[in-house]
Amino acid sequence: MASTITSNNKWYNVPMKIIYSSWSFIKKYRFIILSAIIVFAFVGLVEYLSGRSPLGPDGYFGWWDNNIWGNETSQRVADVYSFSHIIHGMLFYGFLYFIWSKLPKRLQDKFPRKWWFLIALLIEGGWELLENSPIIIDRYRSATIALGYTGDSILNSVCDVGMMALGFLIARFSKVWVVIVLIVVFELGALWWVRDNLTLNVLQLVYPSQTIKEWQAEGH
């Protein structure tokens, strides 16, 4: 009888431990969690008020789309370009670390890494809003291979910010060489897969090359 009571108490304690651990995690990282939630909500709200579609033109929820030529690109939770947003986070962390390392010691103590995360979220959130403005959408359609691009769904925009956050955290807790390897793998992998990546995307937006555009189109 005593062993039965002990066994029941043991199983009763399991969910309590999970709840306690979860609460401790939330308390420890509450600034990071709240920052992400607020920026996600802000980006989603602004895009909704701007007339963006929550789930894309077809109104269907989807986890993944790998056809950059289809109308579901940039409408789902993730797609090929999600890797570019992960790289954003890694680069933001590296850039902010560089800036932080140049500050006097007294200012470094006032600029902890949790603020880096918020800054990265705001930059990425700002880019998502700009990316879905008419001027950038038209630029994508005229200068890149995204001929039928009509902008991201709200779901995809918010998830893109989330992908950036993932990349930032990977950079925060990984060795430098691991981050560099991941960036190279993501860039070369996307280049081989769809003939596009972050490097070419930025190049084509800033200084379009018809030769590159034609080469990319050959992969359609």
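The values are calculated or read from the model by the stated rules, or taken from the named source; none is laboratory data. In this text the structure is predicted, and so the values were computed from the model without any measurement. Using ideal geometry, Cβ is built from the backbone for each residue, glycine included, and neighbour counts are taken over all protein chains shown.
Scan I145, I135 and give me the residue that is β-branched (V, I, T), crowded, with 19+ Cβ neighbours inside 10 Å and either over 21 Å from the mean Cα position of the chain (by Cα) or more than 24 Å from L45 (Cβ to Cβ) (or both).
I145
From the list L107, L55, L103, L118, which one is hydrophobic (A, V, I, L, M, F, W, C) and modelled with pLDDT of 95 or more?
Numbers: L107 fails: modelled with pLDDT of 95 or more; L55 fails: modelled with pLDDT of 95 or more; L103 fails: modelled with pLDDT of 95 or more.
Among L107, L55, L103, L118, only L118 is hydrophobic (A, V, I, L, M, F, W, C) and modelled with pLDDT of 95 or more.
Mind listing whichever residues of the stretch 62-95 are farther than 14 Å from N197 by Cβ and either among the β-branched types (V, I, T) or more than 17 Å from the chain's Cα centre (by Cα) (or both)?
Within the stretch 62-95, N67, W69, G70, N71, E72, T73, V77 qualify.
So, in the stretch 29-68, of the ones that are out of contact with any helix residue (DSSP H, G or I) (no Cβ under 6 Å at 6 or more places or on another chain) and among the charged types (D, E, K, R), which residue ends up farthest from L191 (Cα to Cα)?
Checked the stretch 29-68; the qualifying residue farthest from L191 (Cα to Cα) is R30.
W177: among the aromatic types (F, W, Y), farther than 30 Å from R113 by Cα and surrounded by fewer than 20 Cβ atoms within 10 Å (Cβ to Cβ), yes or no?
It is false that W177 is among the aromatic types (F, W, Y), farther than 30 Å from R113 by Cα and surrounded by fewer than 20 Cβ atoms within 10 Å (Cβ to Cβ).
Of all residues being among the hydroxyl-bearing types (S, T, Y) and under 21 Å from the mean Cα position of the chain (by Cα) in the stretch 20-49, which is farthest from P112 (Cα to Cα)? Just the residue, please.
Filtering first and then ranking leaves Y48.
Taking the stretch 28-86, which residues are aliphatic (A, V, I, L, M) and either crowded, with 17+ Cβ neighbours inside 10 Å or touching a residue at least 40 places away in the same chain (Cβ under 8 Å) (or both)?
Pass one, the stretch 28-86, residues aliphatic (A, V, I, L, M): 32-34, 36-39, 41, 43, 45-46, 49, 55, 68, 77-78, 80, 86.
Result: I32, A36, V39, V43, V46, L55, I68, V77, A78, V80, I86.
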